[in-house]
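Peer 1: Quick one: structure below, then a few questions.
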Amino acid sequence: MDFSFNDEQQMLLDTTQRFLASEYGFDQRRKLPESDEGWSRGIWKQLGELGLLAIDIPEADGGIAAGPVGVMLVAQAVGHGLLLEPFLSSAIVATRAIVQIASDAQRARWLPALASGERIAVLAHDEAGAGIDFTRIGTRATRDAQGFSLSGSKSVVYHAPMADLYLVSARVDDGSLGLFAVAADAAGITRHALRTVDGQRAADLDFDKVRLDADARLGADVGDALASVIDCAIAALCAETFGVLDRILKATIEYSRARKQFGTPIGSFQALQHRMADMLIQFEQARSMMYLATERCSDADAGARRASISGAKALIGQAARFIGQQAVQLHGGMGMTDELDVSHCFKRLLAFELRMGTTDEHLEIYRRGLQAE
């Protein structure tokens, strides 16, 4: 794989990094989790103005079509900035679902508003008890003369409290898997807001006979397309997490040079140097797996794609746990205080291990993929 970046890709990365460094510093970001909304509408609007919310939208639909590598680079910068705004949920996952599944009329209706930041959409797919099996869907969409009646529940939908549009997966009468565009303020929806361990906003959603027009359905049987969307979402999540790993590792190295014990920087102690070397090895392995997941996003073989991306998610999950724990220990007791960004990075890494399937669940998918070869 050649992952040398061209001028446009490098400019995309540099633009994102500069913006977040100047407008989304630690002090500004630290205030957001305790605010009423838990995120910044101003930052979201600026991301739209920079074109970053349109990176995964084709040029024909008004986007910049940055491709998997462009998505990886921006997601990496977003992770490094510990962004609380719904970049992954809306600009990557929901947008890709619309691009791959929706009709031309539906794309024209939703994509421009998503690209500008005027609207936010999230994919409501995960259900309690389903685990990593993305095909276990209990939500039902019953067809009638007016369209559909939607009933069921979705679990821990990231950024649902701030979304205008839910893309809800449901089984229809013939057993096929459908995807439905549901307005967030539609009658029959109950939203149970919650915070994730890393301070992001999410919600459990209950749908009780929500009335939908026939044109609310995206595509026909969307099982294969939705699997592709979820795989690419996991790859982008891996890239975002690599950005967090980069931040926590740099913070730990800097601290080891500044913190003195017995009149000597603790970074000069051989035992701690060995520990940080182990962290660096895990970090570089995570980088390689991030590249692998990005490259496999375009794989037409669904089984091979899922196995490779699950392998990347599992290994990066292991790296996240090791590097996060070592970073906190090297900082001592202050490593878990709110005043240091190390604690915020650690919580983000913990959330990664639980989001879109745990490390153990993805290891099992990877194992099954190896057996199938």
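The values are calculated or read from the model by the stated rules, or taken from the named source; none is laboratory data. Just so we're clear, the structure is a prediction, and the values are computed from it rather than from any experiment. No Cβ is skipped: glycine too gets one built from the backbone with ideal geometry, and neighbour counts run over all protein chains shown. These accessible areas exclude ligands, DNA and RNA; they are computed on the full protein's heavy atoms, side chains included. Shrake-Rupley method; radii C 1.70, N 1.55, O 1.52, S 1.80 Å.
Peer 1: Being part of a helix (DSSP H, G or I) and either under 22 Å from Glu118 (Cβ atoms) or out of contact with any Phe, Trp or Tyr (no Cβ under 6 Å at 6 or more places or on another chain) (or both) is the requirement here; does Ala220 meet it?
Peer 2: no
Peer 1: On the given criteria, is Gln326 open to solvent by 30 Å² or more (accessible area, probe 1.4 Å), assigned to a helix (DSSP H, G or I) and not basic (Lys, Arg)?
Peer 2: Answer is no for this residue.
To keep it simple, each residue is scored yes or no on (1) over 30 Å from Gly311 (Cβ atoms); (2) open to solvent by 20 Å² or more (accessible area, probe 1.4 Å).
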residue: Val122; (1), (2): no, no
residue: Arg136; (1), (2): no, yes
residue: Ala145; (1), (2): yes, yes
residue: Ser149; (1), (2): yes, yes
residue: Ala160; (1), (2): no, no
residue: Val168; (1), (2): no, no
residue: Arg171; (1), (2): no, yes
residue: Leu177; (1), (2): no, no
residue: Ala183; (1), (2): yes, yes
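Peer 1: Given the condition within 26 Å of Phe26 (Cα to Cα) and open to solvent by 10 Å² or more (accessible area, probe 1.4 Å), answer yes or no: does some residue in segment 305-314 qualify?
Peer 2: No, segment 305-314 contains no residue that is within 26 Å of Phe26 (Cα to Cα) and open to solvent by 10 Å² or more (accessible area, probe 1.4 Å).
Peer 1: Among (1) under 19 Å from Val93 (Cβ atoms); (2) surrounded by fewer than 19 Cβ atoms within 10 Å (Cβ to Cβ), where does Gly333 come up short?
Peer 2: Here Gly333 clears every test but (1).
Peer 1: One residue is enough: does segment 287-301 have a residue meeting the conditions free of Cβ contacts under 8 Å to residues at least 24 places away in the same chain and assigned to a helix (DSSP H, G or I)?
Peer 2: Yes, segment 287-301 contains a residue that is free of Cβ contacts under 8 Å to residues at least 24 places away in the same chain and assigned to a helix (DSSP H, G or I).
Peer 1: For segment 75-96, state whether one or more residues are farther than 30 Å from Val342 by Cβ and open to solvent by 20 Å² or more (accessible area, probe 1.4 Å).
Peer 2: Checked against the condition, which is being farther than 30 Å from Val342 by Cβ and open to solvent by 20 Å² or more (accessible area, probe 1.4 Å), segment 75-96 yields at least one hit.
Peer 1: I'd like to verify a number: residues in segment 60-74 that are open to solvent by 10 Å² or more (accessible area, probe 1.4 Å), assigned to a helix (DSSP H, G or I) and not aliphatic (A, V, I, L, M), how many?
Peer 2: Total meeting the criteria: 3.
Peer 1: Sticking with this structure for a sec: Within segment 97-120, can you find the residues that are open to solvent by 20 Å² or more (accessible area, probe 1.4 Å), under 18 Å from Ser228 (Cβ atoms) and part of a loop (DSSP other than H, G, I, E, B)?
Peer 2: Ser103
Peer 1: For segment 36-59, enumerate the residues that are open to solvent by less than 10 Å² (accessible area, probe 1.4 Å) and of a type in the set (Phe, Trp, Tyr).
Peer 2: Passing the criteria: only Trp44.
Peer 1: Any idea which residue in segment 219-267 is modelled with the lowest pLDDT, counting only those that are open to solvent by 10 Å² or more (accessible area, probe 1.4 Å), of a type in the set (A, V, I, L, M) and over 16 Å from Phe283 (Cα atoms)?
Peer 2: Ile266
Peer 1: Same structure, new question: Any residue in segment 259-282 that is hydrophobic (A, V, I, L, M, F, W, C) sitting within a Cβ distance under 8 Å of a residue that is modelled with pLDDT under 80 and open to solvent by less than 50 Å² (accessible area, probe 1.4 Å)? List the pairs, counting only those 6 or more apart or interchain.
Peer 2: Leu272/Ile266; Met276/Gly267
Peer 1: With respect to Phe148, is the statement that it is in contact with a Leu (Cβ under 6 Å, 6 or more places away or on another chain) and more than 26 Å from Gly63 (Cα to Cα) true? Show your work before the answer.
Peer 2: Working: in contact with a Leu (Cβ under 6 Å, 6 or more places away or on another chain): yes; more than 26 Å from Gly63 (Cα to Cα): yes.
Considered against the rule, which asks whether it is in contact with a Leu (Cβ under 6 Å, 6 or more places away or on another chain) and more than 26 Å from Gly63 (Cα to Cα), Phe148 comes out as yes.
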